[in-house]
Amino acid sequence: MSVPPLATNVDDAYRVCNPEQPLKADDTRYVDLTEVRGMKNFADTITKRIIRTAPAFHKQLITGHRGCGKSTEILRLKQKLERKNFFAIYIDVEEILDLGEVDYLDVLLAIARQTEQSIREHDLQMDAALLQGIYDWFAEKIITKEKKHDVNTKMEAKASAGLKIPLVGELFSSLTGDIQSGSSQREVTRENLERQQAEFFEYLNALIHEARRLLKDERGFEDIVILVDGLEKMQYRLLSDEQSTHAVLFVHHAEQLKAPDCHIVYTVPVSLAFQANLGAAFPEGVMLMPMVKYMKPEGEQALMEIIQRRVDVGQVFETEDLLKRLVHISGGAVRDLMRLMRLATEGGEQIGQMDVQQAVNTVVREYDRLVRNKDIETLRFVQETKRVPADEEYARLLNHRLILEYQNGERWADLHPALLEISWIQDELNIQGEK
């Protein structure tokens, strides 16, 4: 892959610092943050676990704060697996589900959809009788007559346009579309699948078994690995029984999420990283991707290098120290660093002291709005002990990134540096922020 030119002005700097765009596996701008995170190599470790587990199936949970760079690392894991002759199916659930309200059945439907679609896109033909059987079961037991009519109408329209999509593929696409849009059909589908859960799992695994057979017999792959990304972004909400939406999906429905007969990797919210009951369902536990240790010289340099591989710092910034200021206020989160970069480009022809301070102020105000008065004692505990107990109060703060997880031989935590810029929090905690 060719090396993209460095941005030499603020307009181009804005374009190349996109916080929502993970790097492709072979992007030359990639900076290996393994050492400055204090963790094992992500792609190597999970790939070895999958290889060693075969012929049984490896089920892995991974986590980290939103914006720490998980998606970039998962895409590199996908590449690593492919080099080991695995067929890796990447699913970004944010693109096909409603992260404001996620059910385990939604996730399994997304897996069914992407598995069928991936096999079809690689010019492999699944058994027609199997696909027809799956569709007939959904038509009889799960979907309404109106939904069946809608799917058939769309199929006829696509067929007349020359598009060759199996009926079951159109069905899965339509059902996940209902989930994403929040239509009334979503609840009907969930309720019916819940009642017919055992049969649904049988048909899902029949689909996966057929995909594995085709890939092994006709293309010589070792096996399938499904990578489900984006679930760590699901909304955190306490339900009437005081259980969080995160715990309901990954703790109460852990066994159902393990139902697919294949190697599978899920991202999970960081608030669940140290749930003991997750370890019972997933023996490998949760693999944490901590924040970059920005307060260490090597961590600071690595984060600066992320920008230096995109931007000509000497031309875009008035001084290099201004970039260091953005690095420190990011807390070691790549996405926050990218956002700060974009915010800092909204001034003049070069990024100066005022531009950086305005960018910092914007982020600080966002974090200020998230802090409640009752959070102060919790924040004080973390500030003093560098620990995060496993309870719902801390889970909310982790989810909002008011508390950040780091790793240095052992787990430790700290307050997001933006909090140290808020005067009333400085007063409450008797700390002095960076000026």
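The values are calculated or read from the model by the stated rules, or taken from the named source; none is laboratory data. What you see is a predicted model; the values in this text were computed from it and never measured. All Cβ positions, glycine included, derive from the backbone under ideal geometry; neighbour counts span all protein chains shown. Areas reflect the complete protein model, heavy atoms only, side chains present, ligands, DNA and RNA absent. Shrake-Rupley method; radii C 1.70, N 1.55, O 1.52, S 1.80 Å.
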Taking segment 280-311 and keeping only residues that are open to solvent by 30 Å² or more (accessible area, probe 1.4 Å) and either out of contact with any Asp or Glu (no Cβ under 8 Å at 6 or more places or on another chain) or assigned to a loop (DSSP other than H, G, I, E, B) (or both), one is left with A280, P283, E284, V286, M295, K296, P297, E300, Q301, E305, Q308, R309
Do we have any residue at all in segment 170-178 that's under 25 Å from the mean Cα position of the chain (by Cα), among the aliphatic types (A, V, I, L, M), outside any loop (DSSP other than H, G, I, E, B) and within 30 Å of A54 (Cα to Cα)? no
Any chance segment 397-409 includes a residue that's among the acidic types (D, E), open to solvent by less than 10 Å² (accessible area, probe 1.4 Å) and closer than 30 Å to V313 by Cβ? yes
Pairs please, first residue from segment 129-148 and more than 14 Å from S174 (Cα to Cα), second anywhere and outside any helix (DSSP H, G or I), Cβ atoms under 6 Å, 6+ apart in sequence or on different chains. L131/P166; K141/Q196
Tally time: how many residues in segment 30-53 are open to solvent by less than 50 Å² (accessible area, probe 1.4 Å) and part of a loop (DSSP other than H, G, I, E, B)? 5
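Could you check segment 312-327 and list, in sequence order, the residues that are outside any helix (DSSP H, G or I) and hydrophobic (A, V, I, L, M, F, W, C)?
Selection gives F317 alone.
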L163 passes all but one of the listed conditions (1) touching a helix residue (DSSP H, G or I) at 6+ places or on another chain (Cβ under 8 Å); (2) not in a helix (DSSP H, G or I); the exception is number (1)
Would you call I165 modelled with pLDDT of 90 or more and of a type in the set (A, V, I, L, M)? no
Residue in segment 324-340 that is more than 21 Å from Y406 (Cβ to Cβ), in contact with a Phe, Trp or Tyr (Cβ under 9 Å, 6 or more places away or on another chain) and either among the aliphatic types (A, V, I, L, M) or without any contact (Cβ under 8 Å) to a residue 40 or more places away in the chain (or both) present: no
Output the residue which, of all residues in segment 192-218 that are under 21 Å from L249 (Cα atoms) and under 27 Å from the mean Cα position of the chain (by Cα), is surrounded by the most Cβ atoms within 10 Å (Cβ to Cβ). F200
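In segment 219-231, what residues are open to solvent by less than 10 Å² (accessible area, probe 1.4 Å) and out of contact with any Cys (no Cβ under 8 Å at 6 or more places or on another chain)? Quick ask: steps written out before the conclusion?
Within segment 219-231, the first condition is being open to solvent by less than 10 Å² (accessible area, probe 1.4 Å), and the residues that meet it are 224-231.
Scanning segment 219-231 gives L227, V228, D229, G230, L231.
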Would you confirm, using the coordinates I've provided, whether I89 is touching a Ser or Thr at 6+ places or on another chain (Cβ under 6 Å), crowded, with 17+ Cβ neighbours inside 10 Å and over 30 Å from L239 (Cα atoms)? yes
Breaking point among (1) closer than 17 Å to R335 by Cα; (2) of a type in the set (A, V, I, L, M, F, W, C); (3) outside any helix (DSSP H, G or I), for L61: (1)
Which numbered condition trips up R237, out of (1) within 24 Å of the chain's Cα centre (by Cα); (2) touching a residue at least 40 places away in the same chain (Cβ under 8 Å)? (2)
What about G352, is it more than 21 Å from G67 (Cβ to Cβ), touching a Phe, Trp or Tyr at 6+ places or on another chain (Cβ under 9 Å) and open to solvent by less than 60 Å² (accessible area, probe 1.4 Å)? yes
Taking segment 194-248 and keeping only residues that are outside any helix (DSSP H, G or I), at pLDDT 95 or above and either in contact with a Phe, Trp or Tyr (Cβ under 9 Å, 6 or more places away or on another chain) or farther than 25 Å from I74 by Cα (or both), one is left with Q196, F221, E222, D223, I224, V225, I226, L227, V228, D229
